[in-house]
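FYI, it's all coordinate maths here, none of it is from the lab. As the structure is a prediction and not an experimental result, all values here were calculated from the model. Glycine gets a Cβ as well: all are built from the backbone with ideal geometry, and neighbour counts include every protein chain shown.
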Amino acid sequence: MSADTGMWVSSAPLRISLAGGGTDLPGYALRFGGTVLGAGTDLRVTVMGRRARRSTGIRVCLDSCGHAESAQELANPFAREAMLRHWDGTPLDLFSTGDVPGATGMGSSAAFCVSLVAGLSTKPLDACSLARAASDIEIDGLGRPVGRQDHYLSALGGFRLLHFHRDGTVEVEDVAVPAGFKHRLGEELLLFHTGTSRDAGEILSDQAGGTERGDRDTTHRLHEIKELTAPLKDALVQGRLTEVGRLLGRHWELKRGLGARVSLPRVDRAYEDALAVGATGGKLLGAGGGGFLLLHVPLDRQHPVREVLTAHGMREQPFAFDTRGAVLHTL
């Protein structure tokens, strides 16, 4: 437990992946090397831990409230694996809340793992060590077919270009987006909840299977998705926001071909209608299959785009970009 008073509060940002998503998966990255461009937001997952006055066990209020005598008994798989790896056995009350629903493509499971590891660790971890420990929970502990981009973007915050090398190491490159461009980008990128959630692992398993089988179309698409990170980085740094939208749209065209479950007919219809009234491009966040739809829309076209997506039953989620990564407060 981190604090003398026995209480800590940690939080980590949800992320927006802009380009390169999928090339961080081990099946691709360990063979070709992957690159992902993304950013942290002001939407966060918060975890609170408190030393309990019971003699044993864990009281958890995560997906629901309950009590467990041991970490192995926890129903939440992410909490269970994190506790098995990082809990010192002290009786504990554990609570969590997030700014958006889970399983919607913004890396909520990674932000939860990052926050929980930050609070449970007996010594402070730098951001990259925290990201590695959190990603190990999902990849090594739970065997989920995911990459490490979410954990690094959540632990670090800000705009980052992440290089996933073939030897398994991760190189972090800061992307210096000027403050004025970053503010304008936050105004022109709109985020809509499609009303559908999904298991990212199930969707990513299709892509992983194609890569492992040596499917040429899957590999070609991922190569192109990775190549989009360089021009998108340049567009961000130089403030060419319409180009950002176009590149997001190209990313989505490529990504939809990675598996039958990446998109949904109702999402495709809403996306095409948004383009027809002024959006320059966009994509579903995360693995796809529902969750959040990110669109670039010039300021003078935002009203008709909002009307169209509201008519499709999609709710806007306000957000801003944030430089803060994971933070821990002891009380």
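Points worth noting:
- The chain, helix-only ellipticity at 222 nm - DSSP H runs n ≥ 4, -39,500 (n - 2.57), divided by all residues, nearest 500: -12000 deg cm²/dmol
- Highest mobility in the GNM of the chain, judged by mean-square fluctuation with C-alpha springs under 10 Å and restricted to SER108, SER11, SER70, is found for SER70.
- Estimated from the Cβ-Cβ distance and a Förster radius of 25 angstrom, the FRET efficiency linking ARG324 and THR122 is about 0.60.
- Helix 179-188 and the long axis of the chain differ in direction by around 80°, with both axes built from C-alpha atoms.
- Within the listed set LEU130, LEU309, LEU142, the residue fluctuating most in the Gaussian network model of the chain (springs between alpha-carbon atoms under 10 angstrom) is LEU142.
- For the chain, modelled as a GNM whose springs connect Cα atoms under 10 angstrom apart, the maximal fluctuation among LEU18, LEU153, LEU254 occurs at LEU254.
- Sequence-distant residues sharing a close amide H with ALA19 (under 5 Å, placed H): LEU37
- The range 220-278 versus the range 146-160: alpha-carbon centroid distance in Å: 20 Å
- In plain terms, the chain from ASP174 to GLN238 could stretch by 21.5 nm, reckoned as 0.36 nm per residue minus the Cα-Cα distance.
- Angle between the chain longest axis and helix 229-238 axis [Cα atoms, degrees, rounded to 10]: 80 degrees
- Taking amide H positions as modeled 1.01 Å from N, with prolines and chain starts lacking one, the residues under 5 Å from ARG324 and 5 or more places away or on another chain are GLY158.
- Computed over the range 7-177: relative contact order in percent, which uses C-alpha pairs under 8 Å that are six or more apart: 30 percent
- Sites ALA230 and ARG53 - FRET efficiency at Förster radius 45 Å, r taken between beta-carbons, to 0.05: 0.25
- Quotient of the Cα radius of gyration of the chain and 2.2 N^0.38 Å, N being its number of residues: 0.99.
- For the chain, relative contact order (Cα pairs under 8 Å, six or more residues apart, normalised by length) works out to 26 percent.
- Phi angles of the range 102-111 translate, via the Karplus equation with coefficients 6.51, -1.76, 1.60 and θ = phi - 60°, into HN-Hα couplings of x, 6, 10, x, 10, x, 5, 5, 5, 4 Hz per residue; Gly and Pro are given as x.
- When ARG15, ARG269, ARG59 are sorted by how many other C-beta atoms sit within 10 angstrom of their C-beta, beginning with the fewest, the order is ARG269, ARG59, ARG15.
- Cα-Cα separations in the range 251-304 greater than 15 Å, expressed as whole percent: 44 percent
- The chain: angle of helix 200-212 to the longest principal axis, Cα-based, in degrees nearest 10: 70 degrees
- Inter-centroid distance (Cα atoms) of the range 51-67 relative to the range 94-144, Å: 19 Å
- Separation of the alpha carbons by more than 29 angstrom is noted, of LYS123/LYS226; LYS182/LYS283; LYS182/LYS226, for LYS123/LYS226.
- Spherically averaged projected area of the range 72-172 from its Cα convex hull (nm²): 7.1 nm²
- Estimated FRET transfer efficiency (PHE95, ASP215; beta-carbon r; R0 35 Å; 0.05): 0.20
- Average projection area in nm² (convex hull over Cα atoms of the range 179-316, one quarter of hull surface): 8.1 nm²
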